[in-house]
Amino acid sequence: MSSNLDQLYRQVIMDHYKNPRNKGFIEDNALTINMNNPTCGDRIQLTLKVEDGKIESAKFDGEGCSISLASASMMTQAVKGLPVEDAVKLAKIFYDMMLGNDYDDESYDLGDIEALSGVSKFPARIKCATLAWKAMEQGVGKDEEEEE
Amino acid sequence: MSANEWRKLFPILDQEVNGKPLVYLDSAATSQKPIQVIEALDKYYKEYNSNVHRGVHTLGTRATDGYEGAREKVRRFIGAKSTQEIIFTRGTTTAINTVARSYGMANLSEGDEIVITPMEHHSNIIPWQQVAKTTGATLKYIPLQPDGTIDLVDVENTVTEHTKIVSVMQVSNVLGTINPIKEIAAIAHKNGAVMVVDGAQSAPHMKVDVQDLDCDFFAFSAHKMCGPTGIGVLYGKKALLNKMDPVEFGGEMIDFVGLQESTWKELPWKFEGGTPIIAGAIGLGAAIDFLEQVGLDNVLKHEHVLAEYAMERLSELDGVTIFGPKERAGLVTFNLDDVHPHDVATVLDSEGIAVRAGHHCAQPLMKWLDVTATARASFYLYNTEDDIDAFLKGLTTAKEYFGHVF
């Protein structure tokens, strides 16, 4: 097997896939975002609780491949407790990582997310990894619109 | 000639992908092109590229002859009565949309029915949804049998005297089901409906005779049958096409243009507004020449052998679900237990094996199968049993790989 493949499917990714963190639905007064990847049928439902410009909690449910579900699990962990603007910055850092660009690994604790850096070698799978992040961005964007 | 010799005529197949010999098992998405087709396109652009049906110069005449010559090849290929019944389109999608927009919008109203099946490709669902929305007609579905086939009793029960259009794919791009088009067309006609056939997955693989099928419209794409992308065909019975209005207006399709009103050319040109897909048609003509040289009966026989072999080998693996009936066209749609089809496809790709993973532009069918996505290996005349052996080896690797990491 190629080492690229081992980089793509690292143990920590498989762990998030098999034992997703923050799986579920936030009941009370949360932002709900449904997003599809129309090219492959992956689906995510993300619920975000934002209070005073801060993401208090994030939960997801959905169907998809190991990369999309593991990425969703990692994203919910990473953004929990972050101010919205930091979560959006973190999304940009993640997109840089996916595109194989140099990325800022100092401003935030990237934790498990860095395990996904191997996805950049598989262009067809980048959309799988970014789905949950796009949903998060849309959610906090909605929140800002509502406040305006 | 055998598959091994046919294969040599496809330059793209002679390469390595990710360090492994390419095994191309995605021909239902698009087929590869033989050297004859590539050279026909090359020759057109190098020697006689010119606009058609206008001007008097020599290149224009050669281009027109090439373009209209391709139309005659298509006519012969599907057994149409006249080249007036052969309209070049961008592909199957545009062909079906032309019928929906021209025939559907003009002839349907509230109380009328359009009948399709849940196995259709999106391109044979959405145009009819749009017709139903605009005209107030009802879109009905013929239920499927548990193995993904159509029972004619269900067709009889679904098609009624209110049905104006029945539209069904001849071969399913997911299940591989070969549908009884001739019998369905007879039921449609008995009820006064027209029969539309999505031939995208049949025309490349089996002899089609539109008169034997007695369908009113038949749509297919060149790129799935060794031809270039961007061109397809709408066949329609002349009596119907004559009564239909064009859907695109502009150059090439007009007879006389006044300040307030215009008139159209005769068939088939009234449906071909704008500079047509000249190179594409010439490429399609070359693809038809190639397929007739190989023999469509040989293509069908060869794919039947491959599909049987693939099913047999797949049944040796544990934890494989195969979708679709036993009797099938040259493709196998499947899932591995506990491994998402995208992950299967990525592991296979790392072994140089190209398969499709996803919903295959058939979301209603995915829902019917109760899955979100599947993987599909599809075969064509250039595939061999060696390809299937490589595919099975790749699947075993995928199973071991994910078995190991979990």
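Rule-based calculations on the coordinates, nothing more; no lab input. It should be emphasised that the depicted structure is a prediction, and the values quoted were computed from it without experimental measurement. Please note: Cβ atoms are built from the backbone with ideal geometry, for glycine as well, and neighbour counts cover all protein chains shown.
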Add +1 for every Lys or Arg and -1 for every Asp or Glu among the other residues with Cβ under 12 Å from the Cβ of residue B:315, and state the total. -2
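How about segment B:1-91: which chymotrypsin sites (Phe, Trp or Tyr not before Pro) there lie in a loop by DSSP and see at most 10 other Cβ atoms within 10 Å? Please list the in-between numbers first.
On the way: sites: B:6, B:24, B:44, B:45, B:48, B:67, B:77, B:88; in loops: none.
Hits after loop and neighbour filter: nothing returned.
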Of B:279, B:259, B:269, farthest towards positive along the dipole that unit charges on Lys, Arg, Asp, Glu beta carbons give segment B:246-287: B:279
Find how many whole Å separate the alpha carbon centroid of segment B:95-174 from the alpha carbon centroid of segment B:15-90. 30 Å
Most mobile listed residue (A:83, A:123, A:20) in chain A, GNM with C-alpha springs under 10 Å: A:123
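Can you give the longest run of chain B that contains no trypsin sites (Lys or Arg not before Pro) sitting in a DSSP loop with at most 14 other Cβ atoms inside 10 Å?
Working: sites that count: B:54, B:81, B:326.
No qualifying site falls inside B:82-325, the longest such stretch.
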Let me spell out the model: positive unit charges on the Cβ of Lys and Arg, negative unit charges on the Cβ of Asp and Glu, origin at the Cα centre of chain B. What dipole size does that give, in debye rounded to 20? 1080 debye
Residue with peak Gaussian network fluctuation, chain B [Cα springs, cutoff 10 Å], from B:396, B:138, B:30: B:396
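Could you work out the relative contact order of chain A? I mean the mean sequence separation of Cα pairs under 8 Å and 6+ apart, divided by the number of residues, in percent. Before the final figure, lay out each step's value.
Values: 236 pairs, mean separation 41.0, N = 148.
Taking the mean separation of contacting Cα pairs over the length of chain A, I get 28 percent.
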Residues B:366, B:169, B:311 in order from fewest to most other beta-carbon atoms within 10 Å are B:311, B:366, B:169
With unit charges on the beta carbons (Lys and Arg positive, Asp and Glu negative) and the dipole taken about the Cα centre of the protein assembly as shown, which residue among B:244, B:222, A:90 sits farthest to the positive side? B:244
Segment A:35-96: GluC sites (Glu not before Pro) in DSSP loop, at most 12 other beta carbons within 10 Å: none
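Ranked highest first by average number of other Cβ atoms within 10 Å, how do A:10-18, B:155-163, B:195-203 line up? Walk me through the numbers before you get to the answer.
On the way: A:10-18: 18.4, B:155-163: 16.6, B:195-203: 28.1.
Top of the packing list down: B:195-203, A:10-18, B:155-163.
Evaluate peptide B:340-350: per residue, the Cβ atoms of other protein chains within 10 Å of its Cβ; return the mean as an integer.
Values: counts 11, 3, 12, 8, 1, 4, 11, 5, 0, 4, 6.
Mean partner-chain Cβ count within 10 Å for B:340-350: 6.
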Could you work out the relative contact order of chain B? I mean the mean sequence separation of Cα pairs under 8 Å and 6+ apart, divided by the number of residues, in percent. 23 percent
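As a test of the formula, what do you get for chain B when each DSSP H run with n ≥ 4 contributes -39,500 (n - 2.57) and the sum is divided by the residue count, at 222 nm and rounded to the nearest 500 deg cm²/dmol? Each step should come with its number before you reach the end.
Details: 14 runs with 154 residues, N = 406.
-11500 deg cm²/dmol, from helical runs alone.
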Cα gyration tensor category, rounded, prolate or oblate, for chain A with a/c compared to 1.5: prolate
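Using DSSP to define loop residues, name the GluC sites (Glu not before Pro) in segment B:32-137 whose beta-carbon has at most 15 other beta-carbon atoms within 10 Å. Please list the in-between numbers first.
On the way: sites: B:39, B:47, B:68, B:72, B:85, B:110, B:113, B:120; in loops: B:110, B:120.
Qualifying residues, ordered by number: B:110.
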For the protein assembly as shown, whose charge dipole is built from +1 on Lys and Arg Cβ atoms and -1 on Asp and Glu Cβ atoms, the candidate among A:81, B:178, B:129 with its Cα farthest towards the positive end is B:178
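Dipole of segment A:3-147, Cα-centred, from +1 at each Lys and Arg C-beta and -1 at each Asp and Glu C-beta, to the nearest 20 debye? Don't jump to the answer; show the numbers that get you there.
Values: 16 positive and 26 negative charges, 165 e Å.
Approximately 800 debye in magnitude.
Place a +1 charge on the Cβ of each Lys and Arg in the protein assembly as shown and a -1 charge on the Cβ of each Asp and Glu, then give the dipole magnitude about the Cα centre in debye, rounded to the nearest 20.
Numbers: 52 positive and 80 negative charges, 360 e Å.
With only Lys, Arg, Asp and Glu charged at Cβ, the dipole is about 1720 debye.
Listing B:10, B:220 from the residue with the fewest other Cβ atoms within 10 Å to the one with the most, what is the order?
So the ranking, lowest neighbour count to highest, is B:10, B:220.
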Final fewest-first order of A:50, B:23, B:371 on the 10 Å Cβ neighbour count is B:371, A:50, B:23
When chain B is modelled as a GNM with alpha-carbon springs shorter than 10 Å, which of B:189, B:57, B:205 fluctuates the most? B:57
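Run the helix sum for chain A: -39,500 (n - 2.57) per DSSP H stretch of 4+ residues, divided by residue count, reported at 222 nm to the nearest 500 deg cm²/dmol.
Values: 5 runs with 65 residues, N = 148.
The helix-only estimate for chain A comes to -14000 deg cm²/dmol at 222 nm.
Once you order the gyration tensor axes a ≥ b ≥ c over the Cα atoms, which shape class does chain B get: rounded for a/c under 1.5, otherwise prolate or oblate by comparing a/b with b/c? Walk me through the numbers on the way to the answer.
Numbers: a/c = 2.14, a/b = 1.28, b/c = 1.67.
It is oblate, given that a/c is not under 1.5 and a/b is not larger than b/c.
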